[in-house]
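> Before we start, here is the structure in question, set down as structure tokens.
The values are calculated or read from the model by the stated rules, or taken from the named source; none is laboratory data. Quantities reported herein were computed from a predicted structural model and do not represent experimental measurements. Don't worry about glycine lacking a Cβ; one is built from the backbone with ideal geometry, like all the others, and counts go over all protein chains shown. The protein model used for the area step is the full one, side chains on, heavy atoms only, and it has no ligands, DNA or RNA in it. Shrake-Rupley method; radii C 1.70, N 1.55, O 1.52, S 1.80 Å.
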Amino acid sequence: MGQEQPQTDQSDSAGQYDVVTVPTSGAPALIPDGATRFRRYCLGFFDLISGFLTAGITVVYTVAGNGEFQDYQTAGTFVPAGWIAAVVAICVAFGVVALAGIFVGIWNLSDLKTMTPAPLIAAIVFSAASIAMTLVFFPGPLADPPKVAWSLLHGLVIVMTIRILRQEGIRSLKAAIRGPRAAP
């Protein structure tokens with residue numbers, strides 16, 4: 001029988017405060033404790049709700065764009081090709097971001113008991129894309145309160161996600177991409 005370490009709330013390494021070391025046949029596996037699991041749950045839930053809200057906004061603006069298109073047709077005037085192409089491209093882009101948010105939310109919720117950094121990195125990419133799409137393509141002035149609030153909310157989510165990664169021992173994006181270290 002090998003020597004097994006007792007399960008405690010603190011890890012042996014100085015950089016991983018929120019994990020529990022569990023003995024296995026090979027290298028010790030790191031399983032997130034309740035605090036990390038709760039943060040991942042909040043992140044997944046936010047991404048899921050954000051994806052559904054983005055999908056709803058996309059549907060509303062698609063219907064509005066379709067109404068404008070029908071107004072052009074009813075009046076018998078020429079529909080500007082550049083306008084219709086831009087509307088279609090923006091609706092498709094927001095649809096992709098909405099689906100990504102739903103996917104990333106489900107992915108983070110399904111990986112609550114693991115410490116894989118991939119869903120967290122996907123959440124950072126989704127939040128950054130949502131900020132960019134909102135600020136660039138959402139109608140209204142740049143200082144519009146809904147734009148600022150949505151962007152700040154996603155900015156806070158990015159900060160929270162980076163905090164989760166750092167608490168799980170991932171110190172850089174390069175280390176997250178490299179994956180778990182091989183056992184000595």
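> For region 40-107, which whole percent of the accessible surface, found with a 1.4 angstrom probe, sits on carbon and sulfur atoms?
79
> Just how many % of Cα pairs in region 47-96 lie over 18 Å apart, if you round to the nearest whole percent?
37
> Starting from the Cα of Ala143, step 7 Å along the direction of its Cβ; do the same at Ala35; then give the gap between the two resulting points in nm.
4.0
> So, one more: What percent of all Cα-Cα pairs in region 60-182 falls in each 10 Å bin, counting up from 0?
Each 10 Å bin holds this share of Cα pairs: 12, 32, 27, 17, 9, 4, 0.
> Ranking request for peptides 147-159, 123-135: highest mean number of other beta-carbon atoms within 10 Å first, then the rest in descending order.
Most protected by this proxy first, the peptides run 123-135, 147-159.
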